[in-house]
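Scroll down for the structure; my scribbles are underneath it.
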Amino acid sequence: MPGPPAVAYFLGRGVDKRISRASLLIFFAFTACVALGSLSLASDVLTSDLLLHAAIAWPLMILGTWGGTRLFERMGEGHYRSAAIGVLFLSAILTGAKGLAGLL
């Protein structure tokens, strides 16, 4: 699960928000390709059902990326970092709650 540490790293570098965002987009695209390649070689999880669901979800991902780009362009540097840190915080809280629920 490389996402949260990578986001924290790129946000903490203090570089321009465009550089951080571009670096994160490349990082996530690369890790997704590596994960897909690994899954297809090492397991039978890559089925036609999964590919169909991915094809159906792909336009929504493109729409979300487009909307995120528009929002990114409108936000100032401080708002971008605050929003990203807020999402990281929410992700940590939800992950912790899911872990605690599994223990109870």
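If the condition is being over 18 Å from Gly86 (Cα atoms), in a helix (DSSP H, G or I) and among the charged types (D, E, K, R), then the range 13-25 contributes only Arg18.
Of the residues Phe30, Phe10, Phe72, only one is in a helix (DSSP H, G or I), open to solvent by 70 Å² or more (accessible area, probe 1.4 Å) and among the aromatic types (Phe, Trp, Tyr); which? Exactly one residue qualifies, and that residue is Phe30. Looking across the range 35-69, the residues that are outside any helix (DSSP H, G or I) and either within 20 Å of Arg18 (Cβ to Cβ) or open to solvent by less than 90 Å² (accessible area, probe 1.4 Å) (or both) come down to Ser43, Val45, Leu46, Thr47.
The values are calculated or read from the model by the stated rules, or taken from the named source; none is laboratory data. Keep in mind that what you see is a predicted model, and the values were worked out from it rather than measured. Note that each Cβ is placed from the backbone with ideal geometry, even for glycine, and that neighbours are counted across all protein chains shown. Remember, those area values only see protein heavy atoms, side chains included, never the ligands or the DNA or RNA. Shrake-Rupley method; radii C 1.70, N 1.55, O 1.52, S 1.80 Å.
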